[in-house]
1. Counting only residues that are crowded, with 22+ Cβ neighbours inside 10 Å, among the small types (G, A, S) and either more than 9 Å from chain A (Cβ to nearest Cβ) or in a helix (DSSP H, G or I) (or both), how many does region B:339-387 have?
2. Given the structure, is A:S39 more than 7 Å from chain B (Cβ to nearest Cβ), out of contact with any strand residue (DSSP E or B) (no Cβ under 7 Å at 6 or more places or on another chain) and hydroxyl-bearing (S, T, Y)?
3. Name the one entry in B:D257, B:D249, B:D276 that is assigned by TED's automatic domain parsing to the domain that holds B:S335, under 23 Å from B:L394 (Cβ atoms) and among the acidic types (D, E).
4. Given the residues B:R193, B:R174, which is the only one that is of a type in the set (K, R), modelled with pLDDT of 95 or more and not assigned by TED's automatic domain parsing to the domain that holds B:V437?
5. Name the residues in region A:92-133 that are of a type in the set (S, T, N, Q), farther than 17 Å from B:V83 by Cα and part of a loop (DSSP other than H, G, I, E, B), would you?
6. What number of residues within region B:303-322 satisfy the criterion of being free of Cβ contacts under 8 Å to residues at least 12 places away in the same chain and part of a loop (DSSP other than H, G, I, E, B)?
7. Has region A:283-299 got any residue that is assigned by TED's automatic domain parsing to the domain that holds A:M126, buried (at least 22 other Cβ atoms within 10 Å of the Cβ) and part of a helix (DSSP H, G or I)?
Amino acid sequence: MGYISNTENDQKEILAAIGVSSTEELLAPIPESIRLKRSLDLPGPYDELSLLLHCRKLAALNKDIDSTLSFLGAGIYDHFRPAIIETLIGRGEFLTSYTPYQPEMSQGMLQVLYEYQTLICALTGMDIANASMYDGATATAEAAMMATDITGRKEVLVLSTVHPHYRQVLRTYLQWAQFIYKEVVPESEAIGEALSERTACVILQQPDFLGYVVSDIANIIGATHASGALAITVVDPISLGILCAPGELGADIVVGEGQGLGIAPGYGGPLLGFFACRKEFMRHLPGRIVGATTDQRGRRGYTMTLRTREQDIRREKATSNICTNQTLLALAATIYLCALGKNGLRKVAELVIRKAHYAHKALCSIPDITDPFSGKPFFKEFVIQLPIPDRDVCEKLLEENGIMGGLPLQPYYPELGNALLVCVTETKTREQIDLYVETLQRVVAEMTAYAK
Amino acid sequence: MLNNNYQMNKTAAMESYEPPIFELSRTGRSGVNLPDEDVPNYDLEEMLPQHLIRKDLPLPEVSELDVVRHFTRLSQRNYGIDVGFYPLGSCTMKYNPKVHEKIASMPGFAMLHPFQPEETAQGALAVLWSLQSFLSEIGGMDATTLQPAAGAHGELLAMMMTRAYHLEKGDDKRNEVIIPDSAHGTNPASAARCGFTVRSIPSGSDGCVAVEELEKVLSERTAALMLTNPNTLGLFEKEVVKICALVHDAGGLVYCDGANMNALLGIARPGDMGFDIMHFNLHKTFSTPHGGGGAGGGAVSVKQHLEPYLPIPVVERRKEGENERYWLNYERPRSIGRIHSFYGAFLVALRAYAYILTLGPKGLREVAENAILNANYVRAQLKDHYDVAYNSPLCMHEVVLSAKRQKQESGVRALDISKRLMDYGFHPPTNYFPLIVPEALMIEPTETESKQTLDRFVAAMIQIAEETKENPELVKSAPHATPISRLDEVKAVRELDVRYEPLFIKENA
């Protein structure tokens with residue numbers, strides 16, 4: 001039966017009302033030559049119980065970060081998610097609604113998006129935010145495209161400390177749209193040399209991919225503006241509980257990944273891209289924007305606005321092709337930011353930075369482990385260098401104590417040698433951090449001895 | 001006749017105004033219990049440059065109960081499939097099975113990190129690999145990627161692959177993408193986003209692609225044709241085989257916008273019609289919840305000749321001794337590159353996978369048959385009361401009506417009819433799309449609705465048709481039963497208010 005409601009009798013009555021004798025007759029417009037003459041070659045049907053058993057078996061083949069001890073970050077974070085989020089976003093009125101094209105029946109979600117936009121503006125210090133993008137990487141790519149549109153320039157300058165996957169997505173988007181992708185090391189002199197009258201924007205990440213805080217961000221933004229380009233900052237929203245809003249530092253467009261704001265890691269998706277900019281660029285914004293207005297009786301209400309930028313109205317002249325975005329995840333982030341509020345987000349950020357520093361001190365005091373960026377300020381991630389191959393160490397950590405010790409950086413920054421990107425969030429207790437440190441110390445000692 | 005019980009549920013909560021959450025804020029309130037610090041209380045100024053430490057954070061301060069009530073009340077001011085009939089054409093608003101939510105929240109799926117070693121995510125990779133192969137089979141294609149986050153993202157990917165394909169053949173003149181005027185707005189927007197020039201072609205008198213119009217614009221500049229089949233009028237493009245052949249003869253590729261695949265499951269496959277590339281909307285055809293505007297899923301399937309261009313990474317399977325091992329292949333030199341932070345919307349793909357397993361081959365075909373059955377039923381019941389676009393004798397999974405007659409007779413427009421439907425407890429159909437139908441009302445009932453629900457909807461539509469004759473003002477001023485009436489959209493643009501002000505909430509103001 002699947003999920004079909006009509007009984008055989010209903011179907012008969014429907015056929016009679018249409019005036020045909022079988023469903024087959026309704027398929028007449030499909031030429032015989034291209035009909036599928038066999039059943040699809042697929043498994044199933046599964047009843048609900050068998051489906052659950054099957055899925056549980058598959059889930060059991062995975063090692064999840066709840067049942068292991070994970071120090072993985074690099075764009076997807078294990079931040080604490082209050083229970084109310086799952087309960088509230090699971091409400092059918094939200095979960096099973098479509099894009100709010102009919103505002104009278106969608107006031108709930110429209111108000112959510114208005115509040116979401118407000119919260120993103122509050123966090124980033126920007127004037128206007130859209131109602132979400134697919135993820136941090138595509139939000140960054142859309143920001144670059146928007147900058148080329150605003151400036152009429154073709155070249156996008158990207159710091160090499162931006163998330164490597166974001167850089168790949170940027171390269172893909174720009175390449176096929178025939179814009180120019182250019183990468184530069186994060187040093188003032190190099191950036192100054194790379195900037196020119198062809199530069200549409202400079203994209204930097206704060207804290208950068210390796211976790212370090214860019215101290216001279218205001219100078220980089222200043223140099224960018226001096227050459228007539230826009231400054232795009234990719235930020236971690238949790239870090240904004242403690243770090244200055246990029247708007248205060250002069251950023252023109254601020255984007256990032258909102259997964260940390262109450263969204264499950266989900267093997268990397270679905271995610272939440274956020275996107276905010278200064279007022280003067282609002283007509284170039286991609287995606288949906290919700291605004292407040294009044295109804296015929298003067299009551300406050302919400303509706304999608306500035307619609308003439310969008311694909312369903314402007315078609316090939318739209319500011320972006322985005323249609324479906326990530327509304328339910330924007331709802332999750334809204335609930336998260338409201339529940340934590342002013343003091344909660346600050347506290348999370350403080351917990352994170354102190355635990356990360358505690359872990360950093362302990363890990364760097366292990367013999368044979370070095371700190372390649374000693375003295376550089378960081379938020380929740382940092383790099384450690386190992387005397388033995390990073391992948392082997394990670395394997396051993398997982399085997400011994402179920403620890404995912406971090407991301408081996410060899411594929412992304414081979415110049416760092418055997419290095420791990422370690423992430424510590426508020427979900428890790430001191431005990432767990434100590435266990436990681438002890439295990440790593442033992443593993444390194446054993447493996448180094450063996451190697452000798 | 002209509003039963004008032006089916007009117008929108010007017011509870012006190014729905015009627016009452018819910019203030020922006022910022023107005024509930026009171027200094028010192030908090031909605032979360034966080035752990036105390038268990039590590040040394042390092043000084044912030046020793047960890048961060050002083051000039052970068054934030055001074056203020058203008059977020060609301062509300063209790064957990066405030067948050068729960070606020071968002072519960074907002075949900076009551078929102079309408080979803082779980083509340084009632086949602087015949088929004090082109091959006092395939094079918095029932096979203098609850099078991100999928102249970103599966104997607106299993107920690108063994110929800111709590112996976114995309115950077116964890118492949119050996120520790122074999123179950124997840126198996127799901128992705130299996131869904132790739134299921135979709136290839138359903139579409140009659142050779143390979144599939146699940147990375148696009150939504151249909152439009154899939155379209156954009158397809159355009160990138162189209163460009164890569166032509167460029168690799170040394171053909172850099174192909175800069176035009178042909179799109180029928182009945183297409184979704186995302187088609188031309190996606191083509192333009194990839195630097196192509198859009199050539200729009202008018203539909204024929206039967207609502208399908210006019211082959212002679214296509215022939216006029218085909219040339220050595222043609223990169224691709226983007227075609228929705230069944231098209232947005234709910235009609236099967238009966239010349240599709242010829243159309244594909246013509247485009248191929250001109251050296252172009254043919255792309256299928258799969259938004260309407262719900263009509264074809266197990267009956268016919270784009271790959272067998274001649275399409276080279278297509279996208280699926282997992283949130284339409286495969287019943288993953290749309291969540292008020294996403295997360296969606298926009299898988300793209302291709303024929304063999306386009307397989308090398310798929311975005312990285314591709315999920316692959318190999319035998320290792322007795323076992324099958326799944327892995328992520330990044331070594332694909334002809335790939336167009338990466339288009340998503342990680343591997344697409346895994347938890348959305350997981351729901352679609354569960355849906356396909358539940359239905360199986362027979363069940364999927366029944367989906368399409370019943371979707372077509374229900375749409376034709378609505379069409380048959382309403383054809384005497386409204387004009388049917390292009391007078392087509394049969395439709396596929398959706399029917400496009402026109403309120404042209406009502407507009408001429410009493411000035412009542414499609415939008416008015418839609419608003420009046422709300423008073424009868426139904427979500428309206430899609431309005432003013434496709435653009436080529438005046439006063440369009442695009443109705444897609446889907447297979448999960450019962451005849452009894454459709455009868456109530458039909459009764460409401462007939463009643464509204466009567467009302468347009470007897471009391472047109474009642475319809476023009478609708479809705480009357482919703483928490484708010486029609487909004488001032490002009491004011492929304494002119495007096496732009498897109499965030500709550502002031503960001504700092506003043507108490508007891």
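1. 7
2. Values: more than 7 Å from chain B (Cβ to nearest Cβ): no; out of contact with any strand residue (DSSP E or B) (no Cβ under 7 Å at 6 or more places or on another chain): yes; hydroxyl-bearing (S, T, Y): yes.
Spelling it out, it is not the case that A:S39 is more than 7 Å from chain B (Cβ to nearest Cβ), out of contact with any strand residue (DSSP E or B) (no Cβ under 7 Å at 6 or more places or on another chain) and hydroxyl-bearing (S, T, Y).
3. B:D257 is the lone residue from the list that is assigned by TED's automatic domain parsing to the domain that holds B:S335, under 23 Å from B:L394 (Cβ atoms) and among the acidic types (D, E).
4. Of the residues listed, the single one that is of a type in the set (K, R), modelled with pLDDT of 95 or more and not assigned by TED's automatic domain parsing to the domain that holds B:V437 is B:R174.
5. First, pick out the residues of region A:92-133 that are of a type in the set (S, T, N, Q): A:96-97, A:99, A:102, A:106-107, A:111, A:117-118, A:124, A:130, A:132.
If we keep only those that are farther than 17 Å from B:V83 by Cα too, we end up with A:111, A:117-118, A:124, A:130, A:132.
Within region A:92-133, A:N130, A:S132 meet the criteria.
6. 2
7. no
Listed here are the residues, each with its yes/no results for (1) over 30 Å from A:E431 (Cβ atoms); (2) modelled with pLDDT under 95; (3) not in a loop (DSSP other than H, G, I, E, B).
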| residue | (1), (2), (3) |
| --- | --- |
| B:L2 | yes, yes, no |
| B:N9 | yes, yes, no |
| B:A13 | yes, yes, yes |
| B:S30 | no, yes, no |
| B:P40 | no, no, no |
| B:H51 | yes, no, yes |
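The values are calculated or read from the model by the stated rules, or taken from the named source; none is laboratory data. Keep in mind that this is a model prediction, so the values were computed, not measured. With ideal geometry, Cβ positions are generated from the backbone for all residues, glycine too; neighbour counts draw on all protein chains shown.
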